[in-house]
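Engineer: Handing you this structure, nothing more for now.
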Amino acid sequence: MSILVNENTRVIVQGITGREGQVRTRLMQGYGPSVAAGVTPGRGGEETLGLPVFDTVAGAVNQVGAVDASVVFVPATLAADAAMEAMDAGVKFVVIVPDRVPLHDVMKLCKFAEEHNARFLGPNTLGCLSPGKGVLGMMGGSPEAARDFFAPGRVGVTSRSGGITSSIAYYLKKAGIGTSTIVHVGGDSIVGLPHPEILRLFEEDAETDAVVMFGEIGTTQEERVAEMIRRGDFTKPLVAYIGGKQAEEGTRFSHAGAIVEGGRGDYQSKVSALGDAGAVIVERFEDLPSETARVLAELNGK
């Protein structure tokens with residue numbers, strides 16, 4: 001079992017005829033899951049990468065049947081509209097890859113998704129990957145690299161940094177630890193599936209025994225995770241690293257969502273909240289694999 005994507009997921013790609021759409025569709029075709037069609041307005045009736053291209057998502061769904069997810073590779077100013085078009089056509093999960101999506105567009109999309117009982121990952125995300133099953137987005141870069149980098153197992157990964165997401169899974173693999181699903185929640189201040197929502201999914205996943213989380217300064221995602229643990233909403237072992245220890249108030253740390261303002265979202269508040277709630281906090285990124293191995297050994301009574 002996995003969360004968000006598996007070998008049975010049917011996907012469409014919005015913006016399939018663009019450069020990124022082409023490259024990332026090849027990744028998904030080569031690694032999985034099944035890509036059913038593409039959508040590019042004005043290019044309907046064409047074919048690319050062996051797939052039919054449609055002008056609209058509704059047109060694609062009408063012709064190829066229901067799909068489980070759409071991956072969006074369109075300009076940032078059009079990304080929210082593309083996601084809403086997909087949801088309006090019945091697609092329940094959308095991965096929004098572009099960065100710099102206007103904040104008010106994302107807020108509008110959050111409300112639209114709730115009204116349509118849909119959800120979205122991102123914006124500004126590499127996507128998600130379940131080793132040996134499928135990828136949505138651009139994680140891994142190529143089918144060959146994805147197969148080399150990621151190994152199936154029972155540890156979930158959730159991260160606010162795209163590059164760190166892949167690095168965590170890679171170093172876990174080198175330590176002999178496989179992953180169930182790897183999720184980049186996105187680097188913006190408002191995202192569709194932040195850490196707490198991903199942990200809810202991992203909590204329900206019978207094949208995820210523990211989770212590794214990469215957090216960072218800015219927003220309250222990590223504090224909300226701590227609240228989940230204290231309430232008993234997340235009960236599995238959590239190993240966490242928080243980036244941005246040296247950042248001062250008003251300093252942006254890498255991502256649009258990683259900025260400390262008004263005394264909220266700083267490093268110490270996140271570390272204290274998670275530690276007090278019972279999460280395992282590592283101060284050095286390179287200690288994540290060994291601490292995860294230790295936690296798994298304790299969990300298995302070894």
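Engineer: Report the extension gain between Asn300 and Glu204 in nm, rounded to one decimal, defined as 0.36 nm multiplied by the number of residues separating them, less their alpha carbon distance. Walk me through the numbers before you get to the answer.
Structural biologist: Details: separation 96, 0.36 × 96 = 34.56 nm, distance 1.91 nm.
Between Asn300 and Glu204, full extension yields an extra 32.7 nm.
Engineer: Order 144-152, 216-224, 230-238, 13-21 from most to least packed using the mean count of other Cβ atoms within 10 Å.
Structural biologist: Working: 144-152: 16.9, 216-224: 23.7, 230-238: 15.2, 13-21: 21.6.
By packing density, highest mean first, the sequence is 216-224, 13-21, 144-152, 230-238.
Engineer: Taking N as the number of residues in region 1-124, what value does Rg over Cα atoms divided by 2.2 N^0.38 Å take?
Structural biologist: Details: Rg = 13.2 Å, N = 124, 2.2 N^0.38 = 13.7 Å.
This ratio for region 1-124 stands at 0.96.
Engineer: Sort largest first and round to whole Å: the equivalent ellipsoid semi-axes of region 133-233, each the square root of five times a Cα gyration tensor eigenvalue. Intermediate results must be reported in sequence, preceding the final value.
Structural biologist: Values: eigenvalues 102, 52, 25 Å².
Result for region 133-233: semi-axes of 23, 16, 11 Å.
Engineer: For a footprinting-style exposure proxy, rank Met87, Met228, Met213, Met107 by other Cβ within 10 Å, fewest first. Intermediate values should be presented prior to the final figure.
Structural biologist: Values: Met87 23, Met228 19, Met213 27, Met107 12.
Listing Met87, Met228, Met213, Met107 from fewest to most nearby Cβ atoms yields Met107, Met228, Met87, Met213.
Engineer: Still on this structure: Mind running the shape call on region 193-232? Use the C-alpha gyration tensor, a ≥ b ≥ c as the square roots of the eigenvalues: rounded below 1.5 for a/c, prolate if a/b tops b/c, oblate otherwise. Mind dumping the intermediate values first?
Structural biologist: On the way: a/c = 2.12, a/b = 1.58, b/c = 1.34.
Here region 193-232 falls in the prolate category.
Engineer: Suppose only helical runs count, i.e. DSSP H with n ≥ 4. What mean residue ellipticity at 222 nm does that imply for the chain under -39500 (n - 2.57) per run, divided by all residues and rounded to the nearest 500 deg cm²/dmol? Let's see the in-between values first.
Structural biologist: Numbers: 10 runs with 111 residues, N = 302.
Rounded to the nearest 500, the figure is -11000 deg cm²/dmol.
Engineer: Antiparallel as a % of all DSSP beta bridges within region 1-159, to the nearest 5? Let's see the in-between values first.
Structural biologist: On the way: 6 of 24 bridges.
Among the beta bridges of region 1-159, antiparallel pairing accounts for roughly 25 percent.
Engineer: Under 22 Å Cα-Cα from Lys108, which lysines qualify once same-chain neighbours fewer than 8 residues away are excluded?
Structural biologist: Within the straight-line limit of under 22 Å, Lys108 reaches these lysines: Lys92.
Engineer: Same structure again: Whole-Hz ³J(HN,Hα) for each residue in region 116-123, computed from phi via Karplus 6.51 cos²θ - 1.76 cosθ + 1.60 with θ = phi - 60°, x for glycine and proline: what do you get?
Structural biologist: Per-residue couplings from phi come out as 9, 6, 10, 9, 9, 9, x, x Hz.
Engineer: For region 179-237 and region 28-63, compute the distance between their C-alpha centroids and round to whole Å.
Structural biologist: Spelled out, the Cα-based centre of one part sits 32 Å from the other.
Engineer: Let me ask another. Could you give P(r) for region 150-302, binned at 5 Å from zero, as whole percent values over all Cα-Cα pairs?
Structural biologist: 2, 10, 21, 24, 22, 13, 6, 2, 0, 0
Engineer: Something else now. Let me have the relative contact order for region 150-302, percent, based on Cα pairs under 8 Å that are six or more residues apart.
Structural biologist: Working: 294 pairs, mean separation 35.9, N = 153.
Worked out over region 150-302, it gives 23 percent.
Engineer: Got the relative contact order for the chain handy, in percent, Cα pairs under 8 Å and 6 or more residues apart?
Structural biologist: Numbers: 693 pairs, mean separation 41.9, N = 302.
Reported as a whole number, the value is 14 percent.
Engineer: Taking only C-alpha pairs under 8 Å that are 6+ residues apart, what is the relative contact order of region 1-124 in percent?
Structural biologist: On the way: 235 pairs, mean separation 25.9, N = 124.
Dividing the mean separation by the residue count of region 1-124 yields 21 percent.
Engineer: Where the convex hull is taken over the Cα atoms of region 75-152, what is its projected area averaged over directions, in nm²?
Structural biologist: Values: hull surface 22.1 nm².
Across all orientations, region 75-152 yields a mean hull projection of 5.5 nm².
Engineer: Give me the mean projected area, in nm² to one decimal, of the convex hull enclosing the Cα positions of the chain. Could the numbers behind the result be given before it?
Structural biologist: Details: hull surface 59.0 nm².
For the Cα atoms of the chain, the hull's average projected area reads 14.7 nm².
Engineer: For the chain, give the share of DSSP beta bridges that are antiparallel, in percent and rounded to the nearest 5; count only bridges with both residues there.
Structural biologist: Details: 11 of 47 bridges.
Once the DSSP bridges in the chain are tallied, antiparallel ones form about 25 percent.
Read-outs: derived from the displayed coordinates by stated rules, not from any lab. All figures in this text were calculated on a predicted structure; none of them were measured in a lab. Positions of Cβ are generated from backbone atoms using ideal geometry, with glycine treated the same way; all protein chains shown enter the neighbour counts.
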